[in-house]
Amino acid sequence: MTLSVRPITDVQKGLVYLQQINPQTAAYNVVFAAKIEGEFDFDSLQAAFYHLQQQHLVLRELFAEENGELIAREQSTLKLDIRREDIASLSPEQAHAHIYAASRVAFNLYQDLCLRVELFRLSESETVMTLVAHHANFDFWSLALLLEQLAGHYQALSAGDSLALDSEAIQFDQYVDHLQALQQKDKYQAAREELLAGLRGSDGVLNLSTDHSRSRLNPMSGTSYSFAIPADLTAAVHETAKAHKVTPYMYLLSAFQLALHRYSGQDDLLVGTPAAGRDKRKWNGVMGNFVNTLVLRSQVDETSDFAQMLANTYQRVVTSVRHQSVQFPQLVEGLGLKRDSSRTPLIQASFAWDRLPQFADMAHFFSHSDCSATVEWGGLNLSPYWIPQQEGQFDLALEMGAEIAGELTATLKFRDDLFEAESAACFAANFVELLGQVTADPQQNIHQVKLVDAEQQQRILGLADSDIPVSPAVNTVHGLFQQQAGETPDAIAVRDPDGAMSYQQLETESSRIAALLQSEYKVAGKRVAICHQRNRYLLVNLLAIFKAGASYVPIDPNVPAARSQMIIEDGDLSLLIQDEAINHLDFSAELPVVGARMLGIAAAAAESLPAAQPAAQVSGDDIAYMIFTSGSTGRPKGVSVPHGCVVNLLSSFAQYPGIRQQQSLLAVTTISFDISVLELFLPITHGGETIIIGSDASADPQQLIAYMEQFRPQIMQATPSHWRMLLEAGWQGDQALTVYCGGEALPRSLAEQLLENCADLYNVYGPTETTIWSTIEHYRGGDVSIGRPIANTQVYVVDSNHQIVPQGVVGELCIGGDGVTQGYFEKPQLTADAFIEADFVTGTIYKTGDQARINSRGKLECLGRIGNQVKIRGFRIELDDIEENLRKIDGISNAVVAAKAQADDKVLVCYYVAEGESAVESKAIREQLKAALPAYMVPNLFQPMAQLPMTANGKVDRKQLPEPQAQQSDRELMAPRGELESRLLSLWQQVLKQELISIEDDFYDIGGHSLLAVQLTGRINQQLGLELDNQFLLSNTTIAAMAAAIESGETDNAHPTLVTLNKGDSSRTPLFLMHPIGGTVYCYMALAQAMDKQQPLYAFQSPGIEEAEEAEVGIEEISRHYVRVIQEVQPEGPILLGGWCFGGVLAYEATRQLQAAGREVAQIYSFDTRAPIVANHPDDGDDATLLSWFARDLAVPHNKTLHIPPEELREIEVDEQFEYVLERAKAIGVIDADADEEKLLNYFSVYIANGMALQMYEEHSVDVPLTLYFARDETVDYGPLLGWDQLLQQGLCKVDIAGDHNSIMYKPQVQQIADDLSCRLNDYHFQTTAEVVTEEVA
Amino acid sequence: MSNTKEITMEKEYVLKAPLAEVYAFLSNPENDDIWQGSCDRVEMQQPGEPVAAGSKYNIHFSFLSRKMSFEAEVSEYEFEKSYGYQSTEGPMPYEGRYVFTETEEGVHVNWTFGATPGKFFGIIPKALIRKTMDKKVLEDIERLQQHFASATIN
């Protein structure tokens, strides 16, 4: 029987919603477990529960939805679920696991009452009673009430007494009414505003380093780790808290916040804390969920001390508690932060202080401790039975409050999909360490507080050290070589395509030249530049330089002369050895130059010179080479690398992975890149053979493959890009080849591909500053790490205060040991900044500027550069580079660049300060940047500033940069010229949410996209009484064009599926583009804008977009319709077709049909279309997969990612899947809250129809020329020609386009296609015109 | 044919072969995987026994990226006149019926079919399921006609 329905609080709504979207979660199961010692009267206990249920409304309620609102509904006929189970046959461990599992069974809040009771009989004398309640209608206080009243009732009933109901007792619905009335008051709104004001500016994201990557959807599943604060520290905490006039709760909360700050590196973070919410005494006897979550912000200033932090916490807690009635969901809503389904909103960490007076003698029931003291309860003896509860609510939640035997106990709850138990234990230990330090000296600076305890630090330092044992006996590179030459004089040491030299020959020739360099050029102790072709004589000369006591400075003849000139100018060089074959370089410096061949000839001719070892004394500390690396100033900086460092590297690699005598290594890297040192010298210092090939051959994959096949090297080293190039060029691999891969991040997909194609794969990592490679990983599959340090090398991950971070936590990678070089040549400040001392190690360590962490397997993971890097439309952009170029512009004194979200996109915004009174036009800045930077690095918006916001430390405060304003100066604003244009302008402004719009602005240039186009068309139809279709806004993309079309009545389309993207010159052959899988042609807008406007351009849009019923499910049927239209629009002449992705397949099938009809298709332009061959069909293309793709593609035009795995969708009711996708899309701003869902359903129907059509399409071979625009950065591999070579016998032309499958159709990448395509179509036009003229003349 | 099915179809076509041959072929479920593109395999529950009304068989399909297994039975078997079948167990109920008429051009076949996929195909709109079935059936008929044409040639 249903009795009453009541509204519920916002907090309750939030919890019910969470349970509904995570139906399996037990995160909000409130649990009490206790062992009943001895016999008990089940009937009385049951009756006591039933009586309680009658007394308290919330124990009779279910949740439900009514008229779209969540409500609570009383169900008086539903009795509490009280179960008994005999588990006496289970072992204690099994019994505990069983009871724990039972406590985690999820509630269905629409069907289950919020409390269930289970009695597990362990033995004759022991029964475990668990009370499991859902937090949506029950809180910890309610549990205390329940236990207290249950005890009384049980005792009375078992004694034969009867119980009476208190019909006047206050119930939870009265609190809800009270809260609702309160929320209407100004005072409440003012409190809400005050709290919101205190939270604004926070992004609500806590970036803790996790052991596992964060899944897209928060599974709300967790585990607990229990620990205790030692008694002496507990006492000190109480004492120190008292001394600083804060409660232990505030004190421990501050310590927790400090620990989170250290773990996350964030200065500004939010922690949630539950408040009882019973702000009036009358609520104290009421069961229900009164709890509200308070949000406490902590802005850590590392220059202050813990005492100051305590004072700040005090203020914030007081304010929050004063406004504790302000419901947490209202704060989330009020801040308007973007939702992220992988995290709890606003707060991902929580600190709870559970200390209820009712539980004074039962504290040990709520902590995991050794205390098993029994308490008297309703005449029964209860002892604690520890069952963790409410796990998975947050990334990390620390619960404290209980104190047992003088020790504060603590439970750390953590999401088990993010953290390993060891990491949680580590956090707990570090929390105790930190608590001890701040308690010992609350006045010490926060940055001096150590996080890692001594034991942990020792363990981490143990992981930091190398386990490759190497002690080189020789300390110079040429010394190592000479030692080897003495052992294997007749073996081949070096080879190039034109010849080879034995160890003895190499030794003799290099010594002769060394002697000459020493005697004639006096190079000992100096730097010698070398600009040499890649052949065996290069190695002769490098060895000669070493032997002459000099160091070499490589000049790559293939880099721009201006850069080489800088090296010549900055290198303080004594001589340049220049290969006579390199004659295009003429350096303007007063530097002696000697021809390399001339040097060889002179050395050979100088018979008086000894061929034996020259007398130059070289030690391990002497510089072997100086390599220039790029610098943020735009001028390269030289790194001086001593012989000892190189010897260590070579010896380490000789040991591991190892090189055997006569093993050969194919050297392919330019000598201006330091990794060439390993290639050139590792073999010849350990009995192997170095094979050197020319730079042209190295860069040309076909030549390189040919050399690999010719020489069959056993080892080869290259960058990931180089290896990828080889694979893409058709390299079939070599199962005898050991591959070293380094120099940039090795993607897992490439690693797996390489692994299949070689004997062994080593991922190597290291900066030039620590000598080539510092770590090595033997990759055997799975995630890619950079492994462990090489010999005599240590790696440390440190925080911004140069303190060791805990294992698993992200910090800056620092490298110490024998590879650390002497720093930057003549740049003492740069050297001092990067080469530092640290208190945990003796000697210098180098700060790499790379983010890293040591994972749970003890291996290093490199996570990219620290600092100023952003990714926009697939391009990684170093903001420093742009800023440096901005500062070079006359009239600009300072500038910063930031990536900002705008109109569902991310754009680069330049904030600049003009010099003095000068005014710099943004147009001029843009022009100058265009001359210096690639187009994608030129900011979209320019914002002049009086000054840039600064932090207290004097750095630019990027977080305070304002949102960019529309740029009037960047484009001319043309005002509407009549009533129609004015009305259209108003509608544009509403839809685009922009004020400054010119009637000549292109909709798609100023933030418009497909869904907004639908919205705008709908509004125009509604406001102006028109019946425009979606095509209208594809063909008329400005207000002026729209108005003109409407006024002239050109709104009807003879071919509703054919969109005119560009009318062009009617004498030219039009290009017909076919829509992609989504059915719309918005994806071609950027291409149409970027192409030559002379070219007529049409695109086919699926008829299903307007009428879902029109969607076809066969490629043949779809194409047939378009072929019919093409025949009408272009009744004669060769036809040009094209399409992106699925559109390319339609073009292919249309070709087949056109040819069958006797028409000629002159060319297909395929934009990264995978050939329609069976091998390219997806393995699983069911509706969930297609819906997952649909979600992904919804986000693509917005430069966002929406990944909803098909498995996730299959878990959702069929009827709710589409709605779910829309909700997720709305949550990330891909579609508007008021988007036309019916239209979106049409889109999906077309999408799914096309997806099905693609799967059913059979392979056909068609003879047609096809130009394939290949997205070279696409990670999904469908082969170098996407399978087209299997269908087309001839006429296949491939054009590489930078970008991935999606980004190539959008700015800026699409410009590459537009340029090439325009060029090809122009050629085609001129060619056909010439043919006609020729025919006419003939 | 029940008119309560969510998807119904009707096709008429002519097979150029003797009635006896056409009937024998189409009324034997074991031949389904020869000409129905979506049919993976068929197992008669009483192999070797002549097909008659009540004969049961297990039939397995692949359609729209899903695998489906049914138990079906011959519901009607009027020699050289009509033949009907229906599912008895499986992910969705279906039933079909052939009526054969001898004409001058060959055997005229009238085929009616109905199925209630419910939510089995997930979010795929029924209209698209119907269109896909229609496309597949037309391909099957073409295959069937080729089968009899080649049988005649041979």
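Quick note: the coordinates plus some simple rules give every number you see, no bench work behind them. The structure displayed is predicted, hence computed values, not measured ones. Here the Cβ is made from the backbone with ideal geometry for all residues, glycine too, and neighbour counts use every protein chain on show.
Data overview
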{"quantity": "Whole-percent pair-distance distribution, where bins are 5 Å wide, for the alpha carbons of the range A:306-450", "calculated": "2, 7, 11, 16, 17, 18, 15, 9, 4, 1, 0"}
{"quantity": "Ranked A:Asp1001, A:Asp498, criterion: other C-beta atoms within 10 Å, fewest first", "calculated": "A:Asp498, A:Asp1001"}
{"quantity": "Angle in degrees between helix A:1237-1256 and the longest Cα principal axis of chain A, rounded to the nearest 10", "calculated": "50"}
{"quantity": "Förster radius 25 Å - calculated FRET efficiency between A:Asn1021 and A:Glu1000, Cβ distance, rounded to 0.05", "calculated": "0.60"}
{"quantity": "Net charge over other residues, Cβ less than 13 angstrom from the Cβ of A:Glu1047 (K, R count +1; D, E count -1)", "calculated": "-1"}
{"quantity": "Helix A:979-992 vs. chain A, principal-axis angle (Cα, 0 to 90°, nearest 10)", "calculated": "80"}
{"quantity": "Environment charge at A:Ser564 (Cβ cut-off 12 Å; Lys +1, Arg +1, Asp -1, Glu -1)", "calculated": "-3"}
{"quantity": "Folded to 0 to 90 degrees: helix A:1010-1024 orientation relative to chain A principal axis, Cα", "calculated": "70"}
{"quantity": "Modelled FRET efficiency - R0 56 Å, A:Glu569 with A:His98, Cβ distances, 0.05 increments", "calculated": "0.10"}
{"quantity": "Cα pair distances in the range A:112-207, grouped into 10 Å bins until the bin that holds the longest one, percent each", "calculated": "11, 23, 28, 19, 12, 6, 0"}
{"quantity": "Ratio of Rg to Rh over the range A:1213-1338 (Cα coordinates, Kirkwood Rh, two decimals)", "calculated": "1.11"}
{"quantity": "29 Å tail of the calculated P(r), the range A:1114-1268, as % of Cα pairs", "calculated": "29"}
{"quantity": "Distribution of pairwise C-alpha distances over chain B, 5 Å bins, in %", "calculated": "2, 9, 17, 24, 21, 16, 8, 3, 1, 0"}
{"quantity": "Cut-off 19 Å (backbone N to label point 7 Å along Cα→Cβ of A:Leu165), residues of the range A:114-154", "calculated": "A:114-115, A:146, A:149-150, A:153-154"}
{"quantity": "Longest to shortest principal axis, alpha-carbon extents of the range A:1019-1079, angstrom", "calculated": "37, 30, 20"}
{"quantity": "Restraint check, A:Lys522/A:Lys847; A:Lys993/A:Lys1307; A:Lys13/A:Lys187; A:Lys187/A:Lys280; A:Lys526/A:Lys827; A:Lys859/A:Lys1226, Cα-Cα greater than 28 Å", "calculated": "A:Lys522/A:Lys847; A:Lys859/A:Lys1226"}
{"quantity": "Cut-off 14 Å between beta-carbons: net charge of the residues surrounding A:Leu650, Lys and Arg +1, Asp and Glu -1", "calculated": "-3"}
{"quantity": "Proximal lysines relative to B:Lys119, as straight alpha-carbon distance under 20 Å, when same-chain residues fewer than 8 apart are discounted", "calculated": "B:Lys5, B:Lys67, B:Lys131"}
{"quantity": "Segment A:Lys245-A:Asp700, extension gain: residue separation times 0.36 nm, minus the distance between their alpha carbons", "calculated": "156.5 nm"}
{"quantity": "Per-pair calculated FRET efficiency, R0 = 51 Å: B:Gln46 and A:Ala1227 via Cβ, rounded to 0.05", "calculated": "0.35"}
{"quantity": "Gyration tensor over alpha-carbon atoms, the range A:2-176, equivalent ellipsoid semi-axes in Å", "calculated": "28, 22, 12"}
{"quantity": "Ratio of the Cα radius of gyration of the range A:1112-1155 to 2.2 N^0.38 Å, where N counts its residues", "calculated": "1.07"}
{"quantity": "Percent antiparallel among DSSP beta bridges (both partners in the protein assembly as shown, rounded to 5)", "calculated": "70"}
{"quantity": "Segment A:Ser76-A:Glu39, extension gain: residue separation times 0.36 nm, minus the distance between their alpha carbons", "calculated": "10.2 nm"}
{"quantity": "Mean shadow area of chain A over all directions, Cα convex hull, nm²", "calculated": "61.4"}
{"quantity": "The range A:371-441, Cα convex hull volume normalised per residue, Å³", "calculated": "123"}
{"quantity": "Signed unit charges on C-beta, dipole axis of chain A, positive-most listed residue A:Gln155, A:Val820, A:Gly1158", "calculated": "A:Val820"}
{"quantity": "Sorted largest first, extent of the range A:714-794 alpha carbons per principal axis (Å)", "calculated": "38, 24, 21"}
{"quantity": "Which listed pairs, of A:Lys35/A:Lys413; A:Lys637/A:Lys1294; A:Lys900/A:Lys1063, have C-alpha distances above 28 Å, in listed order", "calculated": "A:Lys637/A:Lys1294; A:Lys900/A:Lys1063"}
